[in-house]
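S.K.: Take a look at the following structure, please.
The values are calculated or read from the model by the stated rules, or taken from the named source; none is laboratory data. Because the structure is a prediction, the values reported are computed rather than measured. Please note: Cβ atoms are built from the backbone with ideal geometry, for glycine as well, and neighbour counts cover all protein chains shown.
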Amino acid sequence: MQTWEEMKELQPLAGQMLMNSFKKDRISHAYLFQGNRGTGKKDMALLFAKSIFCKEREGAEPCQHCRDCKRIDSGNHPDLHWIEPDGQSIKKEQILHLQKEFTYTGLESNRKVYIIVDADRMTINASNRLLKFLEEPSQQTTAMLLTESGQTMLDTIRSRCQLLAFQPLNAKRVEEKLVQEGVSESNAKLLASLTNNLTEALEMNEDEWFANVRKLVIQLIEVLQNKPNEGLLFINHQWMPHFKERTQIQRGLDVLMLWFQDVINQYVDRDDAIVFVTEKERLNQATMRWSRQSAAACLTYVLEAKQKINQNVHPNLVMEQLTLQLQR
Amino acid sequence: MKFIIQRDQLIESVQNVMKAISSRTTIPILTGMKIEASEEGIKLTGSDSDISIESFIPQEEDGIVYVEHIEPGSIVLQAKYFPDIVRKLPQKTVEIESDNNRNVTIRSGNAEFHLNGQDPEEYPQLPQLHTEDSFELPIDLLKNLIRQTVFAVSTSETRPILTGVHVKMEDGELEFIATDSHRLASRKIPLEQPEGKALPSVVIPGKSLTELNKILDDSEDTIEVSVTENQVLFRTKHLYFLSRLLDGNYPETSRLIPEQSKTIVKIDAKELLQSVDRASLLAKENRNNVVRLITKENNHLEITGNSPEVGNVVEEVLASDVDGEDLKISFSAKYMMDALKAVDYDQVKVEFTGAMRPFLIRPVDDDQILQLILPVRTY
């Protein structure tokens with residue numbers, strides 16, 4: 001249950017812009033919300049949809065308890081279409097369904113809203129299909145595309161949407177809040193740099209699996225530094241059994257990336273930015289092993305590996321290649 | 001909510017309503033069936049958002065009491081289980097009761113089911129249609145209108161508006177038009193227009209009409225048709241069928257129909273249909289199912305199908321009358337057969353305007369049915 005006031009606190013700029021466009025009755029036909037995880041894109045999209053459909057709103061504020069608002073919350077509103085990736089990507093069929101939906105008149109009113117979550121994960125075919133009706137919107141249609149990486153969207157789609165950048169939440173603030181919730185300081189730092197979402201961070205903190213991730217990353221670094229010959233063995237025996245799902249591997253790589261960021265931070269003496277505060281000694285050793293340039297190169301390798309995982313390359317192969325690259 | 005109902009009545013209604021419910025829907029609540037009890041009777045609603053069907057069971061009809069002990073209320077039940085439960089209940093009467101926590105109890109004889117219901121507030125609100133803007137026509141006529149046009153709607157989604165049937169009312173005539181841009185089917189019937197009210201012309205999705213055609217029984221009862229901004233309602237005595245409309249402007253089709261013709265062929269529809277069918281046998285897969293028609297002397301027509309890899313077929317048919325210029329024309333056998341089946345008269349008149357222009361098929365002495373087909377260019 002969010003209100004515009006709360007939303008504006010979270011995202012001052014984007015919230016204000018949407019509120020104004022609503023008040024002045026200048027709702028655009030398509031919006032592209034871009035921002036990191038946990039920056040409130042979904043909440044904002046839901047709130048905006050409620051403002052559009054709610055019949056008892058005051059100003060821009062939806063009432064939150066009428067039939068329309070309730071049904072938007074439960075996903076049962078017949079004129080609000082919610083598209084989420086089906087498996088790895090948003091398929092052509094999903095967009096086709098949407099397209100069909102929009103050639104029909106609305107079920108209750110003629111106002112229609114569609115929200116596409118993770119819009120960057122549309123296949124090329126799907127994007128091109130979507131383009132067709134982004135281009136020729138019927139009058140009372142509003143599209144909201146949500147994405148974490150606006151740059152990977154087709155230019156042709158970007159150019160047809162009003163872009164709204166969601167600012168990353170202040171990591172410091174999240175960190176402080178986590179500490180208030182009783183998370184240890186070193187963990188709070190790590191969690192805050194992985195996610196902006198407070199509840200998610202707290203869940204991860206409770207999770208034994210995640211505690212092991214941190215341990216494994218540090219072990220991997222150890223192996224890379226001191227026993228270069230055992231790198232591949234370590235990957236096969238310790239690393240892979242722990243990371244079974246794609247999302248889990250991504251998480252692991254995120255943490256690995258933080259390590260190399262720390263190495264660079266160490267070089268440039270940005271002590272307060274360092275995430276692995278308890279591992280000072282190891283970091284010092286690491287600066288002996290990796291120069292500033294090679295640490296930067298390592299970051300690139302990790303990013304590439306992340307991308308490959310998304311592209312369905314076999315995780316084992318990706319990790320093996322990555323270890324070889326990092327040892328170089 | 002509480003009521004006791006005759007099982008047979010309930011089964012029939014449930015079966016009708018189930019036709020609208022699809023298990024593959026993006027809106028979770030639509031997997032359910034809405035049950036509404038009021039003093040007048042019980043109303044069941046099912047929907048897949050494109051079409052919605054409401055079935056009404058009156059409290060009593062012709063002195064026969066169907067529903068007793070009604071306490072008004074409403075609930076949404078899982079459509080996956082409810083129909084089977086009702087069908088297999090042991091006794092002639094069924095008691096259905098729901099409490100404030102949306103727990104539903106279905107009782108019949110010694111059997112007792114407890115189902116978890118869903119909030120009826122979550123269910124889409126169907127528009128309350130005004131009965132003033134409506135017209136009535138016999139069910140069998142409506143079924144004919146649908147049958148004679150709906151086959152010609154487009155199946156491709158590239159021009160979505162063509163997947164519907166254009167229904168308009170003009171000068172005391174009701175007209176159904178469907179086209180997929182290669183052929184066109186149209187049927188008019190005279191209809192008394194309600195005084196001073198012009199019904200808006202609408203485009204009804206072909207799929208909805210096909211579905212409606214399946215649900216309606218052939219009978220001479222009347223059906224009432226009402227149109228609103230975004231839905232159309234077909235209403236028989238106890239069955240309401242609602243469909244969403246297609247959004248957009250239907251292309252202007254009246255200009256497509258040629259006014260003069262150069263060659264007019266009058267022929268027995270069945271004979272032509274059968275010979276085209278035979279000629280198409282060899283040309284089925286490739287070549288778009290094309291057959292060729294050539295006018296010969298003495299009112300003879302030659303119909304040929306040719307497929308170089310397979311072979312060819314030639315057949316001569318005797319027409320009752322061939323008037324005008326000689327002609328060689330090729331067309332899709334499927335379209336021709338569909339059109340001839342839809343015309344549904346013994347004698348038809350085929351009007352050609354040259355090999356590259358569309359041609360018309362009409363009954364000899366009935367102007368209300370019209371089928372138009374575009375020829376195929378061959379070399």
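S.K.: For residues that are surrounded by fewer than 20 Cβ atoms within 10 Å (Cβ to Cβ), touching a residue at least 40 places away in the same chain (Cβ under 8 Å) and in a strand (DSSP E or B), tally how many sit in the range B:91-117.
M.R.: Going through the range B:91-117 one residue at a time, the tally reaches 3.
S.K.: Checking B:Val232 against (1) part of a strand (DSSP E or B); (2) in contact with a helix residue (DSSP H, G or I) (Cβ under 9 Å, 6 or more places away or on another chain); (3) closer than 24 Å to B:Glu351 by Cβ: exactly one of these is not met. Which one?
M.R.: (3)
S.K.: While we're on this one: Restricting attention to the range A:186-215, report how many residues are outside the structural domain of A:Phe243 (by TED's automatic domain parsing) and under 15 Å from A:Thr278 (Cβ atoms).
M.R.: Summing the residues that are outside the structural domain of A:Phe243 (by TED's automatic domain parsing) and under 15 Å from A:Thr278 (Cβ atoms) in the range A:186-215 gives 7.
S.K.: Report the residue count in the range B:181-206 for those that are within 24 Å of A:Gly106 (Cα to Cα) and at pLDDT 90 or above. So that I can check it myself, show each step before the final result.
M.R.: From the range B:181-206, those within 24 Å of A:Gly106 (Cα to Cα) are B:198-206; that's our starting set.
Adding the requirement that they be at pLDDT 90 or above leaves B:203-206.
Total meeting the criteria: 4.
S.K.: When residues of the range B:162-178 are filtered for being over 19 Å from B:Ile257 (Cβ atoms) and of a type in the set (Val, Ile, Thr), how many remain?
M.R.: Summing the residues that are over 19 Å from B:Ile257 (Cβ atoms) and of a type in the set (Val, Ile, Thr) in the range B:162-178 gives 1.
S.K.: Additional query: Any residue in the range A:22-33 that is under 21 Å from A:Leu198 (Cα atoms) and either of a type outside the set (Gly, Ala, Ser) or surrounded by fewer than 19 Cβ atoms within 10 Å (Cβ to Cβ) (or both)?
M.R.: Kept after step one, since they are under 21 Å from A:Leu198 (Cα atoms), are these residues of the range A:22-33: A:33.
Right, trim to either of a type outside the set (Gly, Ala, Ser) or surrounded by fewer than 19 Cβ atoms within 10 Å (Cβ to Cβ) (or both) and you get A:33.
Yes, because at least one residue in the range A:22-33 is under 21 Å from A:Leu198 (Cα atoms) and either of a type outside the set (Gly, Ala, Ser) or surrounded by fewer than 19 Cβ atoms within 10 Å (Cβ to Cβ) (or both).
Each row is one residue, and each column tells you yes or no for (1) in a helix (DSSP H, G or I); (2) away from chain A (no Cβ under 14 Å); (3) in contact (Cβ under 8 Å) with a residue 60 or more places away in the chain.
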position	(1), (2), (3)
B:Ser156	no, no, no
B:Ile161	yes, no, yes
B:Leu174	no, yes, no
B:Ile177	no, yes, yes
B:Leu184	no, yes, yes
B:Glu192	no, yes, no
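S.K.: Among B:Val150, B:Val165, B:Val225, which is assigned to a helix (DSSP H, G or I), closer than 19 Å to B:Gln368 by Cβ and not charged (D, E, K, R)? Even if it seems obvious, please write down each step before you answer.
M.R.: Numbers: B:Val165 fails: assigned to a helix (DSSP H, G or I); B:Val225 fails: assigned to a helix (DSSP H, G or I).
After applying the criteria, what remains is B:Val150.
S.K.: Could you grab the pairs with beta carbons closer than 8 Å, sequence gap of 6+ or different chains, first residue in the range B:62-81 and in the same structural domain as B:Asp48 (by TED's automatic domain parsing), second one of a type in the set (A, V, I, L, M) and assigned to a loop (DSSP other than H, G, I, E, B)?
M.R.: Listed pairs, sorted by first residue: B:Glu71/B:Met1; B:Pro72/B:Met1; B:Gly73/B:Met1; B:Ser74/B:Met1; B:Ile75/B:Met1; B:Ala79/B:Ile21.
S.K.: I'd like the full set of residues that are touching a Pro at 6+ places or on another chain (Cβ under 8 Å) and either free of Cβ contacts under 8 Å to residues at least 40 places away in the same chain or crowded, with 22+ Cβ neighbours inside 10 Å (or both), limited to the range B:34-51. Show your work before the answer.
M.R.: So in the range B:34-51, the residues touching a Pro at 6+ places or on another chain (Cβ under 8 Å) come out as B:34, B:36-41, B:47, B:49-50.
Result: B:Lys34, B:Ala37, B:Ser38, B:Glu39, B:Glu40, B:Gly41, B:Ser47.
S.K.: Follow-up. What number of residues in the range A:274-328 are hydroxyl-bearing (Ser, Thr, Tyr) and assigned to a loop (DSSP other than H, G, I, E, B)? If you could, list the steps in order and put the result at the bottom.
M.R.: Of the range A:274-328, the ones hydroxyl-bearing (Ser, Thr, Tyr) are A:278, A:287, A:291, A:294, A:300-301, A:323.
Narrowing the set further to residues that are assigned to a loop (DSSP other than H, G, I, E, B) leaves A:291.
Number satisfying all stated conditions: 1.
S.K.: Which condition number does B:Leu370 fail, the rest of (1) surrounded by fewer than 18 Cβ atoms within 10 Å (Cβ to Cβ); (2) within 30 Å of B:Leu141 (Cα to Cα) being met?
M.R.: (1)
S.K.: Would you please name the residue that is nearest to the other protein chains (Cβ to nearest Cβ), looking only at residues in the range B:118-147 that are of a type in the set (S, T, N, Q) and part of a loop (DSSP other than H, G, I, E, B)?
M.R.: Going residue by residue through the range B:118-147, those that are of a type in the set (S, T, N, Q) are B:118, B:125, B:128, B:131, B:134, B:144.
Okay, now just the ones that are also part of a loop (DSSP other than H, G, I, E, B), so B:125, B:128, B:131.
Values: B:Gln125: 6, B:Gln128: 12, B:Thr131: 20 Å.
Ranking the qualifying residues of the range B:118-147, first place goes to B:Gln125.
S.K.: With respect to the numbered conditions (1) hydrophobic (A, V, I, L, M, F, W, C); (2) out of contact with any strand residue (DSSP E or B) (no Cβ under 6 Å at 6 or more places or on another chain); (3) more than 30 Å from A:Leu96 (Cα to Cα), which one is the sole condition not fulfilled by B:Phe151?
M.R.: (3)
S.K.: Shifting gears a bit: Where residues in the range A:253-281 are closer than 17 Å to A:Gln225 by Cα and of a type in the set (Asp, Glu), which of them is modelled with the highest pLDDT?
M.R.: A:Asp262
S.K.: Would you list the strands (runs of 3 or more DSSP E) that sit entirely within the range B:236-330 and hold 2 or more residues that are in contact (Cβ under 8 Å) with a residue 40 or more places away in the chain? It would help to see each step written out before you state the result.
M.R.: Working: elements: B:239-244, B:263-268, B:290-295, B:300-307, B:311-318, B:321-324.
Once the strands (runs of 3 or more DSSP E) in the range B:236-330 are filtered for at least 2 residues that are in contact (Cβ under 8 Å) with a residue 40 or more places away in the chain, what remains is B:239-244, B:263-268, B:290-295, B:311-318, B:321-324.
S.K.: Looking only at the range A:141-185, count how many residues are in contact with a Leu (Cβ under 7 Å, 6 or more places away or on another chain) and among the acidic types (Asp, Glu).
M.R.: Residues that pass the stated criteria total 1.
S.K.: Restricted to the range B:247-265, and to residues that are of a type outside the set (Asp, Glu) and closer than 14 Å to B:Ser186 by Cβ, which residue is farthest from the chain's Cα centre (by Cα)?
M.R.: Quick first cut of the range B:247-265, residues of a type outside the set (Asp, Glu) only: B:248-251, B:253-258, B:260-265.
Keeping just the survivors that are closer than 14 Å to B:Ser186 by Cβ gives B:250-251, B:253-258.
Details: B:Tyr250: 18, B:Pro251: 20, B:Thr253: 20, B:Ser254: 22, B:Arg255: 25, B:Leu256: 24, B:Ile257: 24, B:Pro258: 27 Å.
Looking at residues that are of a type outside the set (Asp, Glu) and closer than 14 Å to B:Ser186 by Cβ, I get B:Pro258.
S.K.: I need the full set of residues from the range A:149-188 which are modelled with pLDDT of 80 or more, touching a strand residue (DSSP E or B) at 6+ places or on another chain (Cβ under 7 Å) and farther than 23 Å from A:Glu101 by Cβ, in order please.
M.R.: A:Arg158, A:Leu163, A:Leu164, A:Ala165, A:Phe166
S.K.: Among the residues of the range A:53-67, is there at least one that is assigned by TED's automatic domain parsing to the domain that holds A:Asp120 and under 22 Å from the mean Cα position of the chain (by Cα)? Outline the logic, then answer.
M.R.: Applying the first criterion (assigned by TED's automatic domain parsing to the domain that holds A:Asp120) to the range A:53-67 yields A:53-67.
So of that shortlist, the ones also under 22 Å from the mean Cα position of the chain (by Cα) come out as none.
No, because not a single residue in the range A:53-67 is assigned by TED's automatic domain parsing to the domain that holds A:Asp120 and under 22 Å from the mean Cα position of the chain (by Cα).
S.K.: Kindly establish whether A:Lys92 is closer than 23 Å to A:Met153 by Cα and over 22 Å from the mean Cα position of the chain (by Cα).
M.R.: Working: closer than 23 Å to A:Met153 by Cα: yes; over 22 Å from the mean Cα position of the chain (by Cα): yes.
Spelling it out, A:Lys92 is indeed closer than 23 Å to A:Met153 by Cα and over 22 Å from the mean Cα position of the chain (by Cα).
S.K.: Additional query: Can you name every one of the helices (runs of 4 or more DSSP H) wholly within the range A:39-112 that holds 2 or more residues which are within 14 Å of another protein chain (Cβ to nearest Cβ) and over 22 Å from A:Ser138 (Cβ atoms)? Can you show your working first?
M.R.: Numbers: elements: A:41-53, A:67-74, A:92-103.
Qualifying helices (runs of 4 or more DSSP H): A:67-74.
S.K.: Then there's this: Which count do you get for residues in the range A:159-197 that are closer than 14 Å to A:Gln11 by Cα, in a loop (DSSP other than H, G, I, E, B) and touching a residue at least 24 places away in the same chain (Cβ under 8 Å)?
M.R.: The qualifying residues number 6.
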